[in-house]
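Just below is one structure, and these are the notes that go with it.
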Amino acid sequence: MSQSTAKDPGTPYRLRLPATSANLGPGFDALGLAMALYLTIDARVADAFHIEATGRDADQCAQLEDNLILTTYVDVLAVAGVLAPRLHLQIHNEIPLGMGCGSSASALLAGVFLANHFGNLGWASQQILEEACLREGHPDNVAACYLGGMTASLMSKKSLSTATCGEKLTWGLNLALPSASLATEKARALLPATYSREDVVANIQSTALLVAAFTQGRGDLLRTAMQDRIHQPYRMKACPLLPLLLPLAKDSAIQSPKILSQKILGVALSGAGPSVLVITEDARPSALPGIIRQVAGDPSLEVLQTTISMGALEG
C-alpha cells in the first residue's frame with residue numbers, strides 16, 4: 001500500500017466504507033468479504049462536535065455519547081499527542097448495526113481515517129489499516145472494509161499481511177437479517193477453547209479451497225468450500241436462522257427446482273451472526289428473498305441484496 005496523499009487538515013473530508021461479512025465460512029478471523037452497503041461520512045471542522053445522520057439506525061448513529069467513530073478519532077489523536085479538532089459529521093448509513101455486517105469495523109476505520117486527516121498525522125495506508133486492526137483485535141473485518149473484495153489477513157505482534165481477490169466477481173450477496181442483534185462478545189463466548197485435529201484440518205482444507213474459488217471465480221466450489229467446523233456449529237443456538245438456511249447450499253442433486261433456479265452457491269453466517277449470507281451466481285435474483293422467508297418460516301424477515309465492494313474510498 002502506498003503513502004496517503006497529504007491533504008490540508010482544514011478542508012472537508014469524505015469517506016465511504018463498505019459493510020463486511022467476516023469469518024467467511026471456514027475463514028474464522030482470517031477471511032472477510034466487502035459488501036456494497038456503505039457508511040458514508042462528510043466531515044468538516046466545527047465549533048463543537050455534532051452529527052447529522054440518515055439511513056439505517058439514524059438515531060443511534062447520531063448519538064455523540066459512546067460513538068465509536070468519535071471515540072476512536074479522539075483517542076488516536078490523544079495517543080499521538082494531538083488535540084482533536086471538533087468536527088461536524090454528516091453520516092449516511094446503510095450497514096445493519098449489531099448484525100455481523102462489520103458496522104464496528106467501519107466505524108473504527110472511519111475514526112482512524114478522520115484522525116489521520118484532521119490531525120495531519122501523515123500516516124501511510126498500511127499504518128492506518130494496522131491501527132484499526134489493533135483496535136478491533138482481529139483483522140478480517142477491517143482489512144476487507146479497507147481493501148475490498150475477499151481479503152485474507154494475518155496479524156502478528158509485529159505486522160499485518162493481507163491479500164485481496166474477487167473484487168470484480170459479479171456474484172450476488174443476499175443478507176438475511178433477523179430482528180434481534182447479537183453482540184460479538186457473546187458470540188465469541190460460545191466457542192470452545194480447543195478443537196480436534198480432524199476439525200482443524202477440515203477447516204484448513206475448506207479455507208484453502210475458498211480462497212481458490214474467489215481467486216478463480218469458481219462458484220461451483222463454494223458449496224464445499226464454505227463448510228465450517230470451527231465457529232458456525234457452536235453459534236447455531238444464538239443464530240437460529242443459520243440451521244434453517246444452511247440446507248439452501250446442499251448439493252444441487254437434492255435441491256428443489258425452485259431453489260436451483262436461483263443458482264445458490266453457498267451459505268454462511270455473516271461475521272459472528274446473527275445474519276446469514278447467501279451467495280448466488282446472479283447479482284440480485286428476484287425470487288430469492290421470498291424463498292429465504294419461506295424456508296425461514298418468517299414472512300417479515302428482512303433480506304438485503306447487494307454485491308461485492310471494491311473497498312474504502314476517501315477524498
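Short-range pairs are left out: with C-alpha atoms under 8 Å and at least six residues apart, the relative contact order of the chain is 25 percent. When the square roots of the Cα gyration tensor eigenvalues are ordered a ≥ b ≥ c, the ratio a/c for the range 84-174 is 1.5 or more and a/b does not exceed b/c, which makes its shape oblate. Only DSSP H runs of four or more residues enter the estimate; each adds -39500 (n - 2.57), and after division by the residues of the chain the mean residue ellipticity at 222 nm equals -9000 deg cm²/dmol. Set the Förster radius R0 to 35 Å, insert the Cβ-Cβ distance between Gln126 and Arg284 as r into 1/(1 + (r/R0)^6), and round the FRET efficiency to 0.05. The formula returns an efficiency of 0.50 here. You can think of it this way: the chain between Ala163 and Asp298 has 44.8 nm of extra reach, that is 0.36 nm per residue less the Cα-Cα gap. Residue ranges 82-88, 151-157 sort as 151-157, 82-88 when ordered by packing (mean number of other C-beta atoms within 10 Å per residue, highest first). Note that the range 87-137 carries a Kirkwood radius of 11.9 Å, evaluated over its alpha carbons pair by pair. Here r is the Cβ-Cβ distance between Ala36 and Leu68 and R0 is 22 Å; the resulting FRET efficiency, rounded to 0.05, is 0.50. Computed on the range 172-307, with alpha-carbon pairs under 8 angstrom and 6+ residues apart, the relative contact order is 39 percent. For the listed peptides 96-106, 175-185, a ranking on the average number of other beta carbons within 10 Å per residue, highest first, reads 96-106, 175-185. For the pair the range 168-186 / the range 114-140, the C-alpha centres are spaced 25 Å from each other. Building the convex hull from the alpha-carbon atoms of the range 1-130 and averaging its projection over directions returns 8.0 nm².
Going by a ≥ b ≥ c, the root eigenvalues of the Cα gyration tensor, does the range 172-307 fall in the rounded group (a/c under 1.5), the prolate group (a/b larger than b/c) or the oblate group?
oblate
Highest GNM mean-square fluctuation, the chain, Cα pairs closer than 10 Å: which of Phe49, Phe113, Phe28? Among Phe49, Phe113, Phe28, the largest GNM mean-square fluctuation belongs to Phe49.
Here are several values of mean projected area of the Cα convex hull in nm²: (1) 19.7; (2) 16.1; (3) 26.3. Which one was derived from the coordinates shown? Derived directly from the coordinates: (2). Binning all Cα-Cα separations of the range 111-230 at 5 Å, short to long from zero, yields these whole-percent fractions: 2, 9, 14, 16, 20, 19, 12, 6, 3, 1, 0.
Every number in this text was worked out from the coordinates using simple rules, so none of it is lab data. Bear in mind the structure is a predicted one, so any value in this text is a computation, not a measurement. Quick reminder, even Gly has a Cβ in these numbers, built from the backbone with ideal geometry, and neighbours come from all protein chains shown.
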